[in-house]
1. Provide the net charge surrounding residue 102, with neighbours chosen by a C-beta distance below 9 Å and charges set as Lys +1, Arg +1, Asp -1, Glu -1.
2. Which one, (1) 1.26; (2) 0.98; (3) 1.07, gives Rg/Rh (Cα atoms, Kirkwood Rh) as derived from the coordinates shown?
3. Antiparallel as a % of all DSSP beta bridges within the chain, to the nearest 5?
4. I'd like to know which of 72, 220, 240 lies farthest towards the positive end of the charge dipole of the chain, counting +1 on Cβ of Lys and Arg and -1 on Cβ of Asp and Glu.
5. For region 122-169, build the charge dipole from Cβ charges (+1 Lys, Arg; -1 Asp, Glu) around the Cα centre, then report which of 158, 124, 134 sits farthest towards its positive end.
6. What length, rounded to one decimal in nm, is gained on full extension from residue 145 through to residue 68, with 0.36 nm per residue of separation minus their alpha-carbon distance?
7. Just round it to a whole percent: the fraction of Cα-Cα distances in region 121-251 exceeding 27 Å.
8. Please go through the residue pairs 73/262; 69/270; 135/276; 73/268 and name each one whose alpha carbons sit more than 22 Å apart in this structure.
Amino acid sequence: MKNSLKKDIVKNIAKKFTRKIITAGVLFTMTVGVLGGCGSKSDDKTIKIGASPSPHAEILEQVKGELEKEGYKLEIVEYNDYVIPNKALNDGEIDANYFQHTAYLENYNKENKTDLKEAARIHFEPLGIYSKKIKSLKDVKDNAVVIVPNDATNEARALLLLQEEGLIKLDKKKGFKSTVLDIVENPKNLKIKELAAEQLPRALDDADIGVINGNYAIDGGLKIKDALSLEKSTSDATKVYSNVIAVRKGDKNSAKIKALVKALKSEKVKNFIKKKYKGSVVSVD
């Protein structure tokens, strides 16, 4: 009898303990579900976007008020290079980014096997040739040092601008895929050095001329009026090198991305760009 009684007591304790575990598990699941649901609603009203400090973050600041009226909070995360913003977007750390042009985005996807998408084209930054040593490209001497961006898309763009000015000649078949290896004529024996785009303004002191991205020229205190040459806003480069809002596949038509694009396409933003950057940044439709 004693052994039987002990067994019954153990069974009852086990049943009660099991019921408590199940109840606790259900409550935990419900709690997580409720909290998770709350988090999702909050996330839907927050737009976290990665951007270069200038002009991208400056332009984004102009739409915070408009987005607030639509019920959205815009959170801007600034980056100072061309790699981390796309990685952060692909990893889900941000909702979108705004720092790159179409060609760079396509090349990034190809090299990294990602599938980031263009949500909208916002502006174009003419690439410019700058110098602290000469006032005209006619003054470029033999063996002059020329610095250009080292990323594939912007390097081709820089070389095409140098070709347009008659300083070099490229293989006609290469076009926007040109590299220094595709230079077929270099009459002045220019010494072309490839550097990270963000380093170009600082390196200009040690070069004769530099072909510099618009946003980094702005950051480096360079003025468009001082450029010895600029890409034309009517050129084919506008189509290929317009700066875009990039998102993950499937997010282009989300409510918050649509709201962001609408705000950035407003007349207010277009007027800001025109007055603030005076041609170094140009709005695109």
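1. Local net charge: 0.
2. Of the labelled values, this structure produces (1).
3. Taking every DSSP beta bridge with both residues in the chain, the antiparallel ones total about 55 percent.
4. The residue sitting most towards the positive pole is 72.
5. 134
6. Details: separation 77, 0.36 × 77 = 27.72 nm, distance 4.89 nm.
Stretched fully, the residue 145-residue 68 segment lengthens by 22.8 nm.
7. On the way: 1327 of 8515 pairs.
Every Cα pair in region 121-251 considered, those over 27 Å come to 16 percent.
8. Details: 73/262 15 Å; 69/270 19 Å; 135/276 25 Å; 73/268 19 Å.
Listed pairs above 22 Å: 135/276.
All of the numbers you see were taken from the coordinates with simple rules; none came from a lab. None of these values were measured; they are calculated from a predicted model. Please note: Cβ atoms are built from the backbone with ideal geometry, for glycine as well, and neighbour counts cover all protein chains shown.
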